[in-house]
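Worksheet: one structure, shown below.
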2 protein chains.
Amino acid sequence: MARETISDDTHGVVYEFAPEMEPVRTVEPNTSLTFETRDSLNGAIQTDDDLLEEIPEEVNAATGSVAVEGADPGDVLRVEIEDVRLAEDHGRVVTTPGFGLMQDDEDVEAPFTRITPVEDGENYDDGRPRVRFGERSIPADPCIGTIGVAPAEESYTTLVPHDHGGNLDTNDVTTGSVLYLPVFQSGAMLAMGDSKAVMADGEMCGTGAEIATDVDVTLDVIFDPEFDLERPLIDTGDHWKTVASAETMEAATKLAHKDAMKLLSEEHGYSPTEAHTFGSLVGGWRSPRSSTRW
Amino acid sequence: MARETISDDTHGVVYEFAPEMEPVRTVEPNTSLTFETRDSLNGAIQTDDDLLEEIPEEVNAATGSVAVEGADPGDVLRVEIEDVRLAEDHGRVVTTPGFGLMQDDEDVEAPFTRITPVEDGENYDDGRPRVRFGERSIPADPCIGTIGVAPAEESYTTLVPHDHGGNLDTNDVTTGSVLYLPVFQSGAMLAMGDSKAVMADGEMCGTGAEIATDVDVTLDVIFDPEFDLERPLIDTGDHWKTVASAETMEAATKLAHKDAMKLLSEEHGYSPTEAHTFGSLVGGWRSPRSSTRW
């Protein structure tokens, strides 16, 4: 059966994850779809001279939402990310006044735009497209910036992350990963967009190489899971990544570690104290050279 | 020529990095040494029944300091870490009241101790020792927790990190890495200790598997460097890691990214804005599966 496409143009986009969301399509569990996503800035930036003077009111358009039949609060939505393909021939990385990690740094110019052309992967041994930044070529490593479901009570614009997902900007949300999201509302209501051709862990300037993509996913539901998932969780194939959002990095770190402790307790029968101390030995990960499994 | 040993027992240890430090030994640049380090808790914890009721006044003993001839403020001390060997047959991971990421978590018991026996690597195909946590075996991945030089003006106990290094607790300070430290005082005055048999990135409970080690290093000096190094910098062989310490994670992240921007500007001739945006594409790193270089 052909994989159905959910398109930003024909099905529509949202700029808010809200408790009540209208589905553009309802699918059965274990359905494979392609989401077409536009770039986070809605095509406004096409040359180095296009400057983003401020964050627009509508940013990070998320294609959807898609309802999954039978998904109810307490279930878990399983999003297998099979492929994230670049759908235009250039991305863009920008600074904007009052935005990003270095917004108070006098040496950093804002607004500033650098178009990042995409080179076809056929020219490279590994077949991987390249993202150009000036004279340098970076292997493309596409990821989805904003992906989430209808939240429990509050509404969140697509510019912020929280327990429902949203603007996670985590570069492990990529080809080959499985993202698990808590279901807070009937149907779950998945929407996604804000993809990057490549993005640093941290997205320090506030954007990666923002770009339109076609995203192949299979959506499934884990009904009545034994594990009480409170926040997004990613299986990269190599690692389980707990993902927490909070007002400070310290608070987010605590939540993410607490979630990791819960996983370790579930897997190994550890007490919270054992999970905490075991996690203090094996949590996080090392550079590839010395990466180990056990 | 035999590699000289600097011993915690015979040469001594420090519990403070201070502007004025007495060298236990003075060596020429490009000298290879072995530092013998004791465990961070001075041998006080030998069974699961030994509990750490509070952080002792003297903790993280650092063997040294060693002066390097000719090193002057503005120079850079280059510490090539050739080997970190486990020097006792068990480590220990502990919680202590009022210490560590989860100190306010009611589910976590403190004090708590888990002895982590070391199994010989000869029993494993990869020849790597294992660290036991209950029934599980973790491949040993020793790192140095506390390593630093005499600071510019203030004194810092070996329990805290800052621009001089100190209690960095960064698991990239390990075999095969090169650590660069700013020289603030004549002779630099290097001391190190607080090693772990294995430690999570984040050391959430406040310790890794604390253990005595023998550390082979070669100390050298980069005189009058072109690059103005303000804080520790690590070359892991795969990545450059800027290391910053501050009151909040946000502030430390800004400093570390600013340092990375300086490196990118130096290497590629980028303006600060170009370095910032390029860094937002390639900074950080991905899980091993998808790790790329460019």
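Summary table below
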item: Residue with peak Gaussian network fluctuation, chain A [Cα springs, cutoff 10 Å], from A:ASP125, A:ASP220, A:ASP39; result: A:ASP125
item: Cβ-Cβ FRET estimate between B:ASP201 and A:VAL160, R0 fixed at 25 Å, reported to 0.05; result: 0.45
item: Charge context of A:THR31, other residues only, Cβ under 13 angstrom, K/R +1, D/E -1; result: -4
item: Sulfur and carbon atoms: percent of accessible area, segment B:4-225 [1.4 Å]; result: 41
item: Added length on full extension, which subtracts the Cα-Cα distance from 0.36 nm per residue, A:THR248 to A:SER186; result: 19.2 nm
item: Efficiency of FRET between B:ASP228 and A:GLU69 - r from beta-carbon atoms, R0 56 angstrom, step 0.05; result: 0.40
item: Inter-copy spacing of B:PRO73 label points, which lie 7 Å from Cα along Cα→Cβ, given in nm from shortest upward; result: 6.3
item: Dimensionless Rg over Rh [segment A:172-294; C-alpha; Kirkwood]; result: 0.97
item: Semi-axis lengths (Å, descending) of the ellipsoid that matches the C-alpha gyration tensor of the protein assembly as shown; result: 44, 29, 20
item: Long-range HN-HN contacts of A:ILE6 with modeled amide H, under 5 Å; result: A:THR34, A:PHE35, A:GLU36
item: Exam field: A:ARG136 pseudo-label spacings to other copies (7 Å along Cα-Cβ), nanometres; result: 3.7
item: Per-residue ³J(HN,Hα) for segment B:21-27, Karplus 6.51 cos²θ - 1.76 cosθ + 1.60, θ = phi - 60°, Hz, x for Gly and Pro; result: 10, 8, x, 8, 6, 10, 10
item: Nonlocal amide H pairs with A:GLY91, under 5 Å, H built at 1.01 Å; result: A:THR116, A:VAL118
item: Added length on full extension, which subtracts the Cα-Cα distance from 0.36 nm per residue, B:SER137 to B:ASN42; result: 31.7 nm
item: Within straight-line cross-link reach of B:LYS258, lysines at Cα separation under 16 Å, skipping those fewer than 8 residues along the same chain; result: B:LYS241
item: Kirkwood Rh (inverse of mean 1/r, distinct Cα pairs), segment B:4-225, angstrom; result: 17.6
item: Radius of gyration, Dmax [segment A:87-149; alpha carbons; angstrom]; result: 14.7, 42
item: Mean separation of Cα contacts under 8 Å, 6 or more apart, over the residue count of segment A:1-158: relative contact order %; result: 29
item: Trypsin sites (Lys or Arg not before Pro), loop per DSSP, at most 16 other Cβ atoms within 10 Å - longest free stretch of chain A; result: A:4-292
item: Relative contact order of chain A, pairs being alpha-carbon contacts under 8 Å that are 6 or more residues apart, as %; result: 25
item: Residues of segment B:217-247 with amide N under 18 Å of a point placed 7 Å along Cα→Cβ from B:ASN30; result: B:217-225
item: Cβ-derived FRET efficiency at R0 56 Å, B:GLU106 paired with A:ASP83, nearest 0.05; result: 0.80
item: Long-range amide H partners of B:SER65 with built H, under 5 Å; result: B:VAL24
item: Number of partner chain Cβ atoms within 10 Å, mean per residue of A:104-116; result: 4
item: Hz values of 3J(HN,Hα) by residue in segment B:254-261 - Karplus curve (6.51, -1.76, 1.60), Gly and Pro given as x; result: 4, 4, 5, 5, 4, 5, 5, 4
item: For chain A, built as a Gaussian network whose Cα springs stay under 10 Å, the top-fluctuating residue of A:GLU88, A:GLU53, A:GLU210; result: A:GLU53
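The values are calculated or read from the model by the stated rules, or taken from the named source; none is laboratory data. Note that the coordinates shown come from a computational prediction; the quantities given were computed from them, not determined experimentally. All Cβ positions, even for glycine, are placed from backbone atoms using ideal geometry, and neighbour counts span all protein chains on display. When the accessible area is computed, the model is the full protein with side chains, heavy atoms only, and any ligands, DNA or RNA have been set aside. Shrake-Rupley method; radii C 1.70, N 1.55, O 1.52, S 1.80 Å.
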